[in-house]
Amino acid sequence: MEQKLRALEEQAKQDVNEAQSTDALEKVRVKYLGKKGELTQVLRGMGSLSAEERPIVGKIANVVRESIEKSLDQAKLHIKNIEMTAKLEAEAIDVTMPGKETKIGRKHPLSQGLDELKDIFISMGFKVAEGPEVETVYYNFDALNAAQNHPSRDMRDTFYINDDVILRTQTSPVQVRVMEKMKPPIRIISPGRCFRNDTPDATHSPMFHQLEGLVVDKGITLADLKGTLEVFVKKFLGDHTQIKFRPHHFPFTEPSAEIDATCFKCNGDGCPFCKKSGWIELLGAGMVHPNVLKNVGIDPEVYSGFAFGMGIDRLVMLKYGIDDIRLLFENDMRFLNQF
Ligand code: PHE
């Protein structure tokens, strides 16, 4: 019996030495000292021993158990140390390694242009108003005094959701929405997306952006419109820029005009950019039509106003020298990173 125990002790210590991890050690412990462990089995067999032998063997068994436990504890400490060192080494950070490059984005040229436009008009006392992109025929056409047979109502020009609902073709419906809610004096701009049933090419996109302007108060005249646009154009395109009014027609303004600016490339001399004319078409504008004022319950005998609308995409293209509107919407980083 004693020999059996000693052999067991030897075997156990060898197993302990061979164990490489905490897990392996635990297996060794269970193998010898666990409920069904080998030492436990031996101790169970002690019932068959004689009364003299029992205490002697019991003593040896205890010594053997303690000895196994002790070597298990020592090995455990040793292995923990090794495992900790390995973990620390694996997690070490090499502070000399070059960092990962973080790419910082930038504002889209359209957003940059819009920010600039907003700053200019806000500095002149305008507030920013917004309206829906999915609009009713009433706000987009009827309330804006567009005749029932006006060509822009045609399905070939306008995206219809149903007979009464469309994607707005201009930001002008915001004029009506603002006048319904606000009492004069009114001084707002309204930038946003517009939609027209156009085939995309270098100057057309079925989705584009406009910026609307509206001023309504007592005693507003064409001179106020001219002064406002002159300040705007000089700030946006440069101090030397001049503008001219060309007669035009819009259903919701009377009189109406298209406004051209002297070409900022040749200063009005004529160059390929302005097709030798010296002028560049900028925006549409006019005095708010009395019918539009009546439609929103503002008395045209007391109040008058002016409105203007410009293509933001077009202005940004002019300013940054972009020759194809589609570039603005393709989101090619090689293009966008240039601005
Ligand atoms: N809404 C007109 C257009 O899309 C522009 C405009 C706005 C003209 C306001 C006059 C007054 O062409």
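The values are calculated or read from the model by the stated rules, or taken from the named source; none is laboratory data. The shown structure was predicted, so the numbers you read here are calculated from the model rather than taken from an experiment. As a convention, Cβ positions derive from the backbone with ideal geometry for all residues, glycine included, and neighbour counts pool all protein chains shown. Accessible surface is based on the protein model in full, side chains and every heavy atom, while ligands, DNA and RNA are left aside. Shrake-Rupley method; radii C 1.70, N 1.55, O 1.52, S 1.80 Å.
Taking all protein chains as present, what is the carbon and sulfur share of the accessible area of the chain, in % to the nearest whole number, probe 1.4 Å?
Its accessible area is 52 percent carbon and sulfur atoms.
Distance from the Cα centre of the range 266-339 to that of the range 28-74, in angstrom?
Between the Cα centre of the range 266-339 and that of the range 28-74, the gap is 97 Å.
I'd like the Karplus ³J(HN,Hα) series for the range 301-312: coefficients 6.51, -1.76, 1.60, θ = phi - 60°, whole numbers in Hz, and an x wherever there's a Gly or Pro.
With coefficients 6.51, -1.76 and 1.60, one gets 6, 9, 10, 9, x, 10, 9, 8, x, 10, x, 5 Hz.
How big is the convex hull of the Cα atoms of the chain, per residue, in Å³?
293 Å³
Starting from the amide H of residue 265, placed 1.01 Å from N in the peptide plane, find each other amide H under 5 Å away whose residue is 5 or more places distant or on another chain.
Placed amide hydrogens put nothing under 5 Å from residue 265.
Using modelled backbone amide H atoms (1.01 Å from N, in-plane), which distant-in-sequence or interchain residues come within less than 5 Å of residue 165's amide H?
137
Using a 7 Å offset from the Cα along the Cα-to-Cβ direction at both residue 76 and residue 101, what is the distance between the two label points in nm, to one decimal?
5.3 nm
Among 108, 284, 61, flag the residue with its Cα farthest along the positive direction of the charge dipole of the chain, charges on Cβ as +1 for Lys/Arg and -1 for Asp/Glu.
Value: 61.
May I ask which residue of 151, 123, 140 lies farthest towards the positive end of the charge dipole of the range 121-164, with charges of +1 (Lys, Arg) and -1 (Asp, Glu) on Cβ and the Cα centre as origin?
Going by the Cα projections, it comes out as 123.
Restricting things to alpha carbons, tell me how big the range 231-339 is in terms of Rg and Dmax, in Å.
Answer for the range 231-339, Rg first and Dmax second: 17.4, 55 Å.
With no solvent and one point on each alpha carbon, what is the Debye value of log10 I(q)/I(0) for the range 2-90 at q = 0.23 Å⁻¹?
-1.07
Set the bar at 28 Å for Cα to Cα. Now go through 35/59; 36/80; 118/244; 107/183; 27/59; 118/276 and name every pair that lies beyond it.
107/183; 118/276
Near the amide H of residue 209, under 5 Å away, which other amide H atoms are found, from residues 5 or more places off or on another chain, if H is placed in the peptide plane?
So residue 209 has HN proximity to 194, 312, 313.
Can you list the cysteines of the chain that have no other Cys Cβ under 4.7 Å away?
Cys with no partner Cβ under 4.7 Å: 194.
List, in order, the whole-Hz ³J(HN,Hα) value for each residue of the range 32-41 obtained from phi through the Karplus relation with A = 6.51, B = -1.76, C = 1.60 and θ = phi - 60°; use x for Gly and Pro.
With coefficients 6.51, -1.76 and 1.60, one gets 9, 9, x, 3, 9, x, 5, 5, 4, 4 Hz.
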